[in-house]
Structures are given as structure tokens and as C-alpha cells.
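The values are calculated or read from the model by the stated rules, or taken from the named source; none is laboratory data. From a predicted model like this one, the values you see are computed outputs, not experimental measurements. Please note: Cβ atoms are built from the backbone with ideal geometry, for glycine as well, and neighbour counts cover all protein chains shown. For the accessible areas, the whole protein counts, side chains as well, though only heavy atoms, and no ligand, DNA or RNA atoms are used. Shrake-Rupley method; radii C 1.70, N 1.55, O 1.52, S 1.80 Å.
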Number of protein chains: 2
Amino acid sequence: MKHRATPPPTTPFFRPKQLLTLLCLALLGLQARAEEIKSPNGQLTLNFDVQQGGVPTYRLRYKGREVIKTSKLGLELKGSTSLQTGFTQTDKQTRSFDETWTPVWGESKTIRNHYNELAVTLTQPETQRTMRVRFRVFDDGLGFRYEFPRQPKLDYFTIKEERTQFALAGDHKAFWLPGDYDTQEYSTVTSKLSEVRGLMKSAVTGNASQTPFSATGVQTPLMLKSQDGLYINIHEAALIDYSCMHLELDDKTMTLESHLTPDAAGDKGLIQTPANSPWRTVIVSDKAGDILLSKLVLNLNEPTKFKDVSWIKPVKYVGVWWEMITGKGTWSYTNMENIKLDSVDFQKVTPNGTHAANNQRVKQYIDFAAQHGFDAVLVEGWNIGWEDWFGKHKDYVFDFVTPYPDFNVQELNRYAQSKNVRIIMHHETSGSVRNYERHLDTAFQFMNKYGYNAVKTGYVGDIVPLGHHHYDQWVNNHYQYVLEKAAEHKIMVNGHEAVRPTGLARTFPNLIGNEAARGTEYESFGGNNADHTTILPFTRLIGGPMDYTPGIFQTRISTFNPKNNSFVHSTLTRQLALYVTMYSPLQMAADMIEHYNQHLDAFQFIKDVAVDWDDTKVLEAEPGDYITYARKAKGKSSWFVGSTCDENGRTSKIDLSFLDRGKKYVATIYADSPDAHYEKNPQAYQIRKLNVTSKTKLTQLCAPGGGYAISILEAGK
Amino acid sequence: MKHRATPPPTTPFFRPKQLLTLLCLALLGLQARAEEIKSPNGQLTLNFDVQQGGVPTYRLRYKGREVIKTSKLGLELKGSTSLQTGFTQTDKQTRSFDETWTPVWGESKTIRNHYNELAVTLTQPETQRTMRVRFRVFDDGLGFRYEFPRQPKLDYFTIKEERTQFALAGDHKAFWLPGDYDTQEYSTVTSKLSEVRGLMKSAVTGNASQTPFSATGVQTPLMLKSQDGLYINIHEAALIDYSCMHLELDDKTMTLESHLTPDAAGDKGLIQTPANSPWRTVIVSDKAGDILLSKLVLNLNEPTKFKDVSWIKPVKYVGVWWEMITGKGTWSYTNMENIKLDSVDFQKVTPNGTHAANNQRVKQYIDFAAQHGFDAVLVEGWNIGWEDWFGKHKDYVFDFVTPYPDFNVQELNRYAQSKNVRIIMHHETSGSVRNYERHLDTAFQFMNKYGYNAVKTGYVGDIVPLGHHHYDQWVNNHYQYVLEKAAEHKIMVNGHEAVRPTGLARTFPNLIGNEAARGTEYESFGGNNADHTTILPFTRLIGGPMDYTPGIFQTRISTFNPKNNSFVHSTLTRQLALYVTMYSPLQMAADMIEHYNQHLDAFQFIKDVAVDWDDTKVLEAEPGDYITYARKAKGKSSWFVGSTCDENGRTSKIDLSFLDRGKKYVATIYADSPDAHYEKNPQAYQIRKLNVTSKTKLTQLCAPGGGYAISILEAGK
């Protein structure tokens, strides 16, 4: 990590006008005053003001255009005077900050963290309580949070609701998911904000656990586009020991307001001072690609305190998974129903013959991984309990250490490691968080003993104990506990059905993956919209990488499971593009290995593509329509391009000016055939090679629901 | 354990009349039928019948008198047809059982478990579901439970409410506590059942966590006395993986109905078949002493599965405790407020000078314990976190392993063990159950490392996460988890503020103590009623031993803490009697050691008295008025007598016919002086010795709020 020009936090950087304002306000007894700071490049302007009645407000402009109109700040407390009114500004601090840091893994080699900061101290004379609002204005957006210093009159308090407003300047186009305390696995709806209410009912599709809460509540990251072409993204950063934020839309005023996830007692946050809220983030640009490139959310998280990060490595993997997801095989070893773990002797029961996580099958995957240079093999359904794991609100549902009789933990790990491959552990919890915590130490010791170094966790179904929600403070603290315990055991975590990421991987880089959206599995449950992957990088991925599990070559599931009529809403080469467009340090080749063996030419891209990067460019982007990325492999001269488009198809035009000037490269283009179509003809693809340089311009067809992938290797290397 | 005459479970023992009935019912197609079984001695009669509409009912008579009139059985389910109506009886099994078993510790050397059993299988043809009701009729009462066999149509279900009725035969006198989901620490109210409603409001006194739920809800064990002299006790046995039962009184019909404790989601039980409810128990006799001697609750629990119980031993102990309870010293090391454990360096902060658990003080207690033959020293307030442990709903409130700087864990344990004394660990959880579970393994390993073999746990304040209750299924499962984990580490548990005991110590004999009622600590918080200890053995102690912490010699607290005007509502010699009347394998001499040094003559009784017994007799008893016990020390010829009386005082007349005939004994009588009085003159006592035999009769004054204690040692031994 390299710091440049980092003045101490208390150093002011007043400009003359501000000094004058300060002097005037000093004379006015530090009552109502307005503050203003700008982004380092001057294009963003943040105003803070305490309005009549002592109501704190803020406002954000980008190149003179309203992004967030004057909006209220504050929190409603339970059983105590709220922190919303009656404030006077009693102090302010400003500073400028500029550092460049090196992520353990990421989309670029280094990340610049550059902002101007304003911290205003607000005091309620009536209650003698103080809170601070800290604003950081970056070139690409705003972050702000509430800070509650340690103080005699505010030690412990309970949040009834956070009342942070985001007053939008118009009826923007929105890419939204229904607000829900328990799932993010909805299809994105693209509509005007004014249309949210009318579309909500149809947007709330079924899920294993779901708690929608209002007719206009939506999730973050919320992607917006104004009629005059401003791209705005609202999310949060550094969600720790706090409840996850949703946004409640007032569709008369187009004002969004924070709506926190309640716990089992209906409380929305138990706070002990000193404490900070997560950062509320507004990324803004008139270029869509700038949203994708923003590192604002990461920057607002704390640097990692891990001293040794050598055990954290990006992972490319295959897995015994898609055959269960599609219904060809089963997680469970038997067809028994209603079992209690301690009362079944699995050595004596009748196997169902469909259990996928068996020694023979796993060895096939290990062999395949070793042959093709993959790091790891995920195996789900290896441990006892899958017979009735789901939807029963069962407390003791898994023990995380006892394999089914046909899965030899010791032998399979030995076999894998002899071939330089790791098995990825799977801990499905079924939402029973206490049960998981009770077994966590033992489960991680078990992993250490057999050489597992990564775990995929799962939280399918309602949280047990009932009443809690996947995104409330108490459960968020559980995910955090697992993450920190895993770090103690040098284990990387890929959390599914957990709370959406908020850039925590900067602080805890062993959080190498999350689900927190509809992933590829939904292609087997009815399908994702064809434009799904043109939206996710603007929404879900703003918080952190997603274990999207791309790479399905046999998109027609009925070819191997006639009972399943679902199909993958993508052409084959778009599946390749996703390794570039859906950034993740953890990338799965999710299809069954037999399907890869049928298309080894296309599979070559998955083998070649990097999972860690020195540089990233957005070549084209429009949310809901198309995204084209170019990324440079970590420590190498090779580049990889990926492009995804919606159901309409398009012609992509890119130039390769990102390549080193003067160098010669060989590009291998994996592209849809002219007659390809995500539904009608998904496997029609062409592969061609050509010599390219930084002067090359390419025009490339994307079929409906299609895309292309290009590997660009330096010639002769 | 010795079994005698134990027929296999399926052996019927029909008498001719029953056979005839059975034949008739067989002809009627197994529809409505009435069953009847009697206790082994024939004095109790249990009837079971399925009434019109398929409603199961039962009825209990004692010597022909109604104990429980015809009462409904069943459970109301959530989101499913209830198990209350529409039943037909489809099977019945009867058997007789008689065994004598040896408890690890107890009131007698062996315990006879002798009952006749009826198990009726009930089927709802409409839902194709089956449940069984199993009745066991003992000479001293009835136990029955619901059994839910494994079956296709009833795998998982949620209890909305259990609807078990206890229809009483009259407006009995009741010794009751307000029903409450979170505390049992109320003063017992003695009134007619018809008066409960009018007295409820005043009965609900303040507590650190309390959730009373109705105007006529009361707790168990509920002690009743009918106008014609029947003593009836209603409680439950073997409360495992179920919610704790209260009793809701219909004061028009004098019918009690089960009322379970809800969890945070409002559910009253998540059940997976096969499963059983706890036993519902009705102990009955026309002699009050028979209630005290009943082992019905223990007998309804399963035998222990522990193979090695050598590590479980009764404990007599002193402790650094009363000085904090009375406000003379503090648990906390500093006077800081609002601390976070990880952010305070206790080596650098200013001590308050009142911290009681310091090396010097603890060594004084170790010396005292060693000198007087005590097994152990309890030390509370030894670990960091006491600065703001209480009432803040703090999650990470204690870590259970970090001592304050003035408490040297290693040195004090070494010192204690060098003198053959153990330090008793203290784990106050502040109700934060997840935090305790997270630290449990480490905390128990810590105990093993330093040689602690017993822990006092505490659950003061609301359960965290909020919404849960001290007695709901999820939290009951926590206590059970702690108990089982402790057993793995060979640790004995004394649980305070936990759910009331239900005889589980038969199965888990490391549960050597519980609080679950107002203990001696309340003598410092305003006082217990003078008749408190004449009631507890009829109520609270029916479920298991209580860590009542008697032995306060300096009953006027203001003599050492002028700010505390509370006083102990007992004479000094009554404090001695409690070691006999309040049975527990864990007995504390709770006063500060300086006070014992002022009365070493009286203290001799505490030194002498046993904590484990070969035999127990009730010499006199009337709930609310007086109790006199005689107990024979385990493996010895010596007996100990204790007598406690109410605020009126009385003359106790006992004969010593329980002594071995022909043997000569020396009795030492510790008794109130004639002018003694629990309030006005509590420390006036006399000690006299006399020679006694089995023919001796004694007349002994008990002062108001007083009592006496006698040690009877075989002459020449």
C-alpha cells in the first residue's frame, strides 16, 4: 500500500470563501450553516446544511446537474428522542486524501482512493447528544456515514429506522429488485420509478425464503439512469454490525429513503457507541462504463489487517453441482424422508443410486481438473443430512463433518492433492445459523486436517431461529463471524444466500465470493432473462464479486434430464464472455465435464482466461443492453475481452487501443455464428484467430442473448 | 441400577373387567372406549376416554376423591389441523414397571420407580395422523405425555398451543407465582385460586427480565391444597427440546390449561417426529410430606447414559459473592461505563478499589475453605466485562477467559489445589446466549486447563437475541447444549436464571444445581417472605435441587453496608436448618467468612452437615407453615434434622424413631433462643447437646421466621 499526499485527518484545507463563511458563522454562534465540498476533479459538489428545526440535509450535484436534491439525514430511535431534528452544527473537519493501494486480488493491480472529506459534528442541545456525518466526495461519487462517538448521553441505543433520504431529480429509469428481508434472487425489473408500484406484484416471484415488505421497496445496489443521461448507483459500503439497507420509494416525490432489515424483535439495529453506520454510496457519471469501473465501495472499506495473505488465491474450479441443480443427480444419498442425523446408520440404509458426490464421480472431476489446469473441485452433497434439509426449519440439520458412505474424505483429498487440485468444502446450513456456529470450530478443524482451503457456504430457506432475516444485524454478524473464524483457519469463503457484499473483501480478502443474486442455477429453475448479465455488473457486482458459475455449454437441460424443460438463456460463447464480464476471483466452469469434452475448442477459452487482473477497461456499456470489458491478466501481457448483450443482439465495435503500442498479439475470437440465438440455436459458434495490435478495430456480431470472448496473447509467447 | 419385575413393554395386565370392556369395544369397531388403570397400591385411578367429537380426555382420582376431573388433552397446531378432536382410539398398551435405581447423588441411596402404564394410540382418520398418550400411574401421582411417532403425514409440525387441561375439583388453596416467560424470581402468593386474578398485579414485582402474560397465568410446580385436605402438585418432567409449560387458570371452572412459552416468532414448539412432549405430572396425597418425598419427577426422566460419573461429586462451598450481592464490593474492576471488551486495556485503567475478586481476598476464602473442610470457593466477577454487563442487550458482553488484572487464574488455582480446594468457575452470560455458545468450547478448555470442575452459569436480563424468552424451546435447547458440552469436559453445572428443573439431573447428573426461584440473594434486595422456605420444597424443589445459598449469619446487611437496609428474613439457626430442608448436592455457606468467624460454634453445623444422603424422612410438613426433615448422611450413621417455620413461630414436636434401634447417639441442637425473632432478634440462638436414641421425643421451639438444626452423631464415632 502506498500513500501519497495524505495530510493528517485534522488538517483543514479551507479555501478563502469557506474561511469567510466560517468567520460569519462563528459570529452567528455556530447555528445554521451551509457547507460545501467538491470532488478532487471539481465535478461533484456536496452541500450540507442544517435546516429549520435542526434537520440535517445534504445535496449532491455532478457537473452542475442535480444527482441528489436536498435530502434529509437522521435516524429514528426506539424509546428515545430520535436523531433527526433539533441539531446544531458544533464542529466541522475537512481533509483531502489520496492513496493508492494494492488489493490482494482484483480487477486492477492498484486502486486509487482519492477524495475530499467533510465531517460535521451535530449536537442536540436538548438531549446533549452528538453525532457526526462524514462525507467523502470522490471523482466518481459520494460516500457518507453516521458516526456515533462515545459519550455519556448516548451509550446504547436501538434504531427504529434509519431515515436517510435520496431525493432524486426525476422519474429515472431504474434497474430494480423487490425489497426483501430474505432474498435477492429476483429477476431485475427495468422500469421508470413511477412504474415500480404497478410492477411489484409480478416482480415478487417465489423463493425458498422471502419477505417482501412494501409496494415500492427496492434493493441496493440500485442502478438508475436519468432522462438526461446520468447514471446513478446507490448502495452501501462496509456493512458490519448493522442491518442491511433497502430503499423505500416515495413515488410522488421520487425520493428514496433507507429502510433497514428488522430482527426477530422488530428492531433495526442495536448500537453501542462508539459506532459508525455503513457508508451510504452514490456513484454517478454521465458514462455508464464509469459506474462499472468505480472502486468507491471498496475504497470506503478499511484496509485489511491480515498480516499474511499468501493463503488467499483466486480459484478456477469445476464441480459436482450442475447435475444436482438440473435434477439429474441428487445431493442426498437415500430417498428417506424425515431423518434425524443421530438416529440413522447410513452404512446400513439403501442408497438411492442417484447420489452425485460419490468417490467415482468426484475422481472423474479431479482428473478433469488436473488435466485442464483447474485449481479445485467443488463437491456438494458430500455430507449426511440432505434427505430433509430443506424448508423444515430444522435446527440440527447438518453436522458438517460426517460424509455419506460413498464419499471417502481422506482418500479423495489425498487423490486430489496428489494431482495439485483441492476439493472445495461445502457447508450448506439450511439457514440454521446457531447449528452452524455450534459446529464451526470442528468443521474448520476438519477442513484443515484434510487440506481443504475454501468453503462454499449456503443459507437456503428461512433463518432458524425463525423471526430473524437473512439481512438483519444479528444474522449479518453471523456471516461476519464465519468470515473471521475462517480467516483464523486460513480458509477462503464463498457465501451463498448471505447478505449482499458491500466491499468487505478489502478488509477481509478471504471473502472471495458471494451469490446474493440470481445466478446460473436459475437457468435450471425457469431461466434468467436474456439481459440478466448486462445488468448484474451495474447492480449486484457494485458490492463485490459474484460466484455466478458460468460456462454452461449444454444449454438445453432436457437433453440430459427430460423432466426439466428449463434452458439457459444464453448462447454458448456468451457463457465464455461471462468469465470476463462477471468479475470474480473465483470462477467456476459449471457445466458437467462430459459437455466440455464435446466442445474442447470452445473450452480452451475457459482454460486460458485469467481470474486475477492487472488492468480493466470498459469498451462499451449500457445497462440492460450490453457490456464489453477488456482485462489484462495479472502479471502477464495477455488480455481477455468479453461481451454480453440482451435478447436483441447487436453489433459490437471495439478498438484494441488498450494493447501495448508496438507489440504484436494473436487474438482468438469465440463468437456466435450469424444464426445463433440464445433460445433457438445457442450452440452455434465460430472460433477464429487473427493477428492484432493496438491499432486494430474489430466489429463483432452478438447474437440475441449472445456474446463473444477473445483471448489476446502476445505473439510468440 | 437394579430392575425387579420388569415385564416387557407390550405385556398387558388386564383384569377381567377390562378384558370384558375390550371385547365389547372390539365389537364396536374400536370407537369410543374408556380405559382405566390404577396405581400399584390401588389408591389412584386414572381414566382415559375419547369423548364425543373424538376429544381425548383423562380423569384422576385418589382414594375415590377427584384430583383431576375429566379434562381434555390435545395440541393446537399452526397451519395444520390440530391434534385436539376427531380422534379414534386405535390401540392401547399396558404394562407394569418396578425398578429400583441408584442416583449419582440424592436424598436417598436408592429410588424405587414403580408404576402401571397405559399407552393409548389415537388416530385422526381425516388426516391419517396418529399420536399416543402415555400415562404412568404411581402410588404418589400421575405422569403422562404426548408421543408423536414417525409417520408419513406428521413429520414436522409447529405447536400453536398445547391444550392439556387439569380440571380441579374445587377452589383450592394455591401457592403460586405469576406466570412469566422470563423469570421465576417472584414471591410465592398463597391464596385461593379464585383470588389469583385479584392478586396478580401486586404479585408481579420488578425483575431484570420479565414477561408476565395473563391475569390468571401461573407457574409450575404449582402446589395446591383442597379444602378437604388433598395436597396436589402439578409440574412437568424431562423438559427437553420443548417449550416450558405454564398454567392458565379458568377461574370460573377452576380448570388449569397448559400455556407454553413462545419463541421470537411466537411459535411454541417446532417438532420433528418421532418426538415426545415432556411429562405432565400430578403428585397427590392426603399427607403433605408425601409430596416432599415424591420421586415421581425424577422417575419420569431417563436413566443417565453417562458411563463414568466418578467426576460428579456433591460440593460444599464458600464464595466471594455475598459482598457483591449486598453492595459492599463490586463485580467490576473499574467504574468505567460503556466499554467494549476488545478496546480496553485493563492493565492500564484505574481500578475502583472495590473489586472483590482480587487475589488477596480469594486467598482468604481458599484458606478458610481449607481450614474448615469445604470443597470449593466460588468467585464471581473474576473476568472482564462487568462494567456494563447488565441491561444493555449487549451481544459480546463477556469472553469467559480473560481475568481482571488482580485475579491470577493460574496462581489462585495452584494455591487452591495445593490445599485440596477447587475454585468454582462463574460464567455470567447476561442472557447473550449466542455469545456464550461462541465461547463455550474455549471457556471449557480453559476450565480444564486450570483445574476448574464446576461452573455457575447466569442468565440475568433479557435473552439476546431479543424476542426470545428464558423458557422457550430455542433457549431451553441452549441450556441443554451447555449441559451436554460441560459433560464432555467433565464439568458440573449450576445454572442460574435458567429454566426451572424438571428432574433432568437423573439423565444428566452433572446438573448439580439450579436457581429458578428467589434465592437468598433477594434477602439483600428487599427480603424474602418469612415463610418462603416453608413453601419452596413444595414448589420449586419438586423439579430438582436449588442453589439457595443459605447460611447468612449476619442477617442485618446495614451493619457492613449502611446503604443497604434490607435484612435476611430468618433467624440464624433457621439458616442452619436450610442445609437440611432445602435439599441440594451443592450447598453454599453464603455469608462472608468474617461473619462465620464471629459464630464458630454455630458454624460447626455447616461444617458437619452432609450434602449427600442415604435416607430422608419428613417429620412434619405443612406448606406455608413449617417443614421438618431428617436425613441420614451418605455412607454414615449420622443424621441431620432441619426445621423451618413461618413468621408465626411454633413448637415442633418430633420423635427420633428413624434412628437405628439400640444405637446411642449424641444430638447437638442449634435452636432459636426463646426471644429470637427473624426481624427483631435474629442472632439469638442456643446450642445444646444431649444423648438420644430411637425412642427419644423432642419438643423444640421455633421462633417467628426461625427454625432449628440438629446433628445426630452415633456416640463414640
What whole-number distance in Å separates the alpha-carbon centres of the stretch B:691-714 and the stretch A:229-263? 75 Å
Farthest toward the dipole's positive end in chain B, which of B:THR273, B:GLY458, B:TRP176, given Cβ charges of +1 (Lys, Arg) and -1 (Asp, Glu) about the Cα centre? B:THR273
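Report the far tail of the P(r) of the stretch B:234-360, meaning the percent of Cα-Cα pairs longer than 20 Å.
For the stretch B:234-360, the share of Cα pairs beyond 20 Å comes to 73 percent.
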Distances in nm, one decimal, shortest first, from B:LYS287 to the same residue in every other copy, taking the label point 7 angstrom along Cα→Cβ. 9.7
If I model a spin label as a point 7 Å beyond the Cα along the Cα-Cβ vector, how far apart are those points for B:ALA34 and B:SER310 in nm? 5.7 nm
Could you pull out which residues in the stretch B:667-698 have an amide N less than 17 Å from a spot 7 Å beyond the Cα of B:ASN565, following the Cα-Cβ vector? B:679-680
At 7 angstrom along the Cα-to-beta-carbon line, where would the label on B:THR102 sit relative to the other copies? Give the distances in nm, shortest first. 7.1
Note down the relative contact order for the stretch A:342-444 as a percent, whole number, built from C-alpha pairs under 8 angstrom at least six residues apart. 33 percent
Angle between the Cα long axis of helix B:572-581 and the longest principal axis of chain B, 0 to 90 degrees, nearest 10? 40 degrees
Gained length - B:GLN686 relative to B:ASN352, 0.36 nm times residue gap less alpha-carbon distance: 116.1 nm
If a paramagnetic tag sat 7 Å from the Cα of A:ASN335 along the Cα-Cβ line, which residues of the stretch B:149-164 would have the backbone N under 19 Å from that point? B:151-153
Shielding by partners - mean other protein chain Cβ count within 10 Å, residues of A:263-269: 4
Separation of the B:THR442 and B:SER637 label points, Cα + 7 Å toward Cβ, nm: 5.5 nm
Solvent-accessible area, 1.4 Å probe, carbon plus sulfur percent, for chain B: 49 percent
Computed over chain A: longest principal axis from alpha-carbon atoms vs helix A:359-372 long axis, angle to nearest 10 degrees, is 70 degrees
Per residue, how much space in cubic angstrom lies within the convex hull of the C-alpha atoms of the stretch B:30-299? 139 Å³
In nanometres, the difference between 0.36 nm per residue of separation and the alpha-carbon distance of A:GLN227 and A:LYS653 is 150.9 nm
May I ask for the accessible area buried between chains B and A, both sides summed, probe 1.4 Å, to the nearest 100 Å²? 2900 Å²
Karplus-derived 3J(HN,Hα), 6.51/-1.76/1.60, for each residue of the stretch B:706-717, Hz, glycine and proline x: x, x, 9, 9, 9, 9, 10, 9, 4, 4, x, 10
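Let me check I've understood the local charge: for B:LYS307, count other residues with C-beta under 15 angstrom from its C-beta, Lys and Arg +1, Asp and Glu -1. What total comes out?
In short, -2.
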When the charge dipole of the stretch B:315-611 is computed with +1 on Lys and Arg Cβ and -1 on Asp and Glu Cβ about the Cα centre, the Cα farthest towards its positive end, among B:TRP331, B:ASN510, B:ASN358, belongs to B:ASN510
Relative contact order of the stretch A:315-611, defined on C-alpha pairs under 8 angstrom at six or more residues apart (%): 17 percent
Can you list the copy-to-copy distances for B:VAL344, using a point 7 angstrom from Cα toward Cβ, in nanometres, shortest first? 4.8
Restricting to Cα pairs under 8 Å and 6 or more apart, the percent relative contact order of chain B works out to 11 percent
With respect to the symmetry axis carrying chain B onto chain A, which residue of chain B exhibits the smallest Cβ distance to that axis, and what is the value in whole Å? B:ALA264, 2
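I'd like the projected area of chain A, averaged over all directions, using the convex hull of its alpha carbons. Report it in nm² with one decimal.
31.0 nm²
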For peptide B:394-405, how many partner chain Cβ atoms fall within 10 Å of a residue's Cβ, on average? 1
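Could you estimate the translational diffusion coefficient of the stretch A:315-611 from the Stokes-Einstein equation, with Rh from the Kirkwood formula over C-alpha pairs, at 20 °C and 1.002 mPa s, in whole µm²/s?
Working: Rh = 19.4 Å.
Rounded to a whole number, D works out at 110 µm²/s.
Using the per-residue mean of other Cβ atoms lying within 10 Å as a proxy for protection, in what order, highest first, do the peptides A:249-257, B:335-343 fall?
Descending packing order for the listed peptides: A:249-257, B:335-343.
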Rounded to whole angstrom, the alpha-carbon centroid of the stretch B:539-562 lies from that of the stretch B:423-498 at a distance of 23 Å
In Å, the C-alpha Rg and Dmax of the protein assembly as shown are 36.4, 118
Averaged per residue, the 1.4 Å probe accessible area of the stretch A:533-644, protein heavy atoms only, in Å², is roughly 23 Å²
Could you give the angle, 0 to 90 degrees to the nearest 10, between helix B:16-27's Cα long axis and the longest principal axis of the Cα atoms of chain B? 60 degrees
Residues whose built amide H sits under 5 Å from the amide H of B:GLN587, excluding neighbours closer than 5 in sequence, are B:VAL315, B:LYS316, B:TYR317
Would you calculate, for the protein assembly as shown, the mean residue ellipticity at 222 nm contributed by helices, counting each DSSP H stretch of 4 or more residues as -39,500 (n - 2.57) and dividing by all residues, to the nearest 500? -5000 deg cm²/dmol
Label points 7 Å out from Cα along the Cβ direction at B:SER96 and B:VAL344: separation in nm? 6.5 nm
